[in-house]
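Coordinate-derived values only; no laboratory data. Computed from a prediction, not measured in an experiment: that's the story for all the values here. Using ideal geometry, Cβ is built from the backbone for each residue, glycine included, and neighbour counts are taken over all protein chains shown.
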Amino acid sequence: MRRVYLDHNATAPLRPEARDAMLAAMDIVGNPSSVHAEGRAAKALVERARAQVAGLIGCDPGDIVFTSGATEAASLAIPEGAKVASAGIEHDAVLSWVQKDGMDLTRLLDVDEHGVLTGTAQGGSFDASIQDDVVALQAANSETGVRQDTLHHAQKLWALKRPVLILVDAVQALGKVPFSFANSGADFVLASAHKLGGPKGVGALVVKHGIDVKPRIRGGGQEMGRRSGTENVIGIVGFGAAAEAAARDVAAGRWEEIEELRKILENTLAASTNATIFVGKSANRLPNTSCFATPGWKGESQVIQMDLAGFAISAGSACSSGKVRASSVLRAMGYDEETASSAIRVSLGLDTTAEDVQRFAEVWLAKERKFRARAA
């Protein structure tokens, strides 16, 4: 049985370009902080990767701080003791970190039933009630694929003339849709290598020029004093190569082909069952992401059944998988507990084929019919 991987939002397969670049980097012996020839060679690899990542994000290379991932990048961006406004659709890299540090997370931001950010709970738009230091705006949701117009909301915040910092989580958007730091409205952007075909364990925080960040990791003063510790040269090189390749794929329109496969998948399922809800279908979404729920049929049960049948999918974000709970994203969108507990995510990749989608639809529909028969 050939397995079909449909969980690209959890992690994407390592790109050949990243693999090749990392293998070559393994032969470079120098420490990037050393001034001799070997050290300068390692430093050159890091700086080349910085430029490659900057090319994907549309920022200056000097704005990039390499980290161990987007979770660390979020903790670096949020000042100690800050108050953060966000919606419940944010990733745990933003929500859980704030709560665990005992900060007062004020969930002022509402989303509608499609997962689109509407504004504050007090009146549906940003207003003078915003009393926070950081506002988190997600470029695209990992579970539903729903995208936000972060610049639109940033402009509303700017009109308030308050010294608020805007944090944009672009982890899922980067490498799938065009993204520009300058047009995002962000002061900070979160990025992760393994979501776009780079290695796991490396990411970046983009810091708007002129904004100071206080390091969480102190020591040798690497990354321009913002993140100490010897650079993960091999991982960073893989990140850079993957970012460059991802930018080419976006420019070439390759994800538009994947969007057509997603439409085929959803139309095929919808034609055979009227009990399934396609979450965020009316919103602007990532081209590869489909989230759907069959109330009463537990998402975790579906994941296990499809895994045994040879398909890798998920029930929500990989960072919250294995936890028996309803999707906090769907709950924030207004879905009830039963529906939110019944959602699964199918996320396609550039290697997904029409045959993969057709096979998945046939197997899932057969299992869905059995579920309905048992429930009758």
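A compact table of results
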quantity: Any helices (runs of 4 or more DSSP H) falling wholly within the stretch 268-376 and containing at least 2 residues that are out of contact with any His (no Cβ under 7 Å at 6 or more places or on another chain) and surrounded by fewer than 16 Cβ atoms within 10 Å (Cβ to Cβ); calculated: 299-308, 337-340, 354-375
quantity: When residues of the stretch 229-267 are limited to those that are part of a loop (DSSP other than H, G, I, E, B) and more than 18 Å from E47 (Cβ to Cβ), the one nearest to the chain's Cα centre (by Cα); calculated: G253
quantity: Search result, residues across the stretch 169-205 that are in a helix (DSSP H, G or I) and either hydrophobic (A, V, I, L, M, F, W, C) or at positive phi (or both); calculated: A193
quantity: The stretch 269-317: number of residues that are without any contact (Cβ under 8 Å) to a residue 12 or more places away in the chain, closer than 19 Å to D7 by Cβ and over 26 Å from the mean Cα position of the chain (by Cα); calculated: 1
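For (1) within 20 Å of A70 (Cβ to Cβ); (2) out of contact with any helix residue (DSSP H, G or I) (no Cβ under 8 Å at 6 or more places or on another chain), each residue gets a yes or a no:
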site: T144; (1), (2): yes, no
site: D149; (1), (2): no, yes
site: K161; (1), (2): no, yes
site: V164; (1), (2): no, no
site: V168; (1), (2): yes, no
site: K176; (1), (2): yes, no
